[in-house]
Amino acid sequence: MDLNLLVDLGALLQYRNISRAAQHVGRSQPAMSRALSTLRGMFNDDLLVRGSRGSNADG
């Protein structure tokens, strides 16, 4: 597992917005989207679900 994915996941959970999370960790928005897609596949879970107020942890 790429440990950078854990940093990405932490930022995604904190900011609940792919663009803001990407900016926080110094990645592009497409790179963060790919990281989220990878994480979803690894955990076989949506992890974050888009809503009107940003993304929410799926739980």
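The values are calculated or read from the model by the stated rules, or taken from the named source; none is laboratory data. None of these values were measured; they are calculated from a predicted model. No Cβ is skipped: glycine too gets one built from the backbone with ideal geometry, and neighbour counts run over all protein chains shown.
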For the stretch 1-41, which residues satisfy the criterion of being of a type in the set (D, E, K, R) and either loosely packed, with under 15 Cβ neighbours inside 10 Å or in contact with a helix residue (DSSP H, G or I) (Cβ under 6 Å, 6 or more places away or on another chain) (or both)? Asp2, Asp8, Arg34, Arg40
Note on the stretch 32-45: residues modelled with pLDDT under 90 and under 10 Å from the mean Cα position of the chain (by Cα) are none
Considering only the stretch 1-28, how many residues are within 10 Å of the chain's Cα centre (by Cα), assigned to a helix (DSSP H, G or I) and polar (S, T, N, Q)? 2
Mind checking whether some residue in the stretch 16-31 is aliphatic (A, V, I, L, M) and at pLDDT below 95? yes
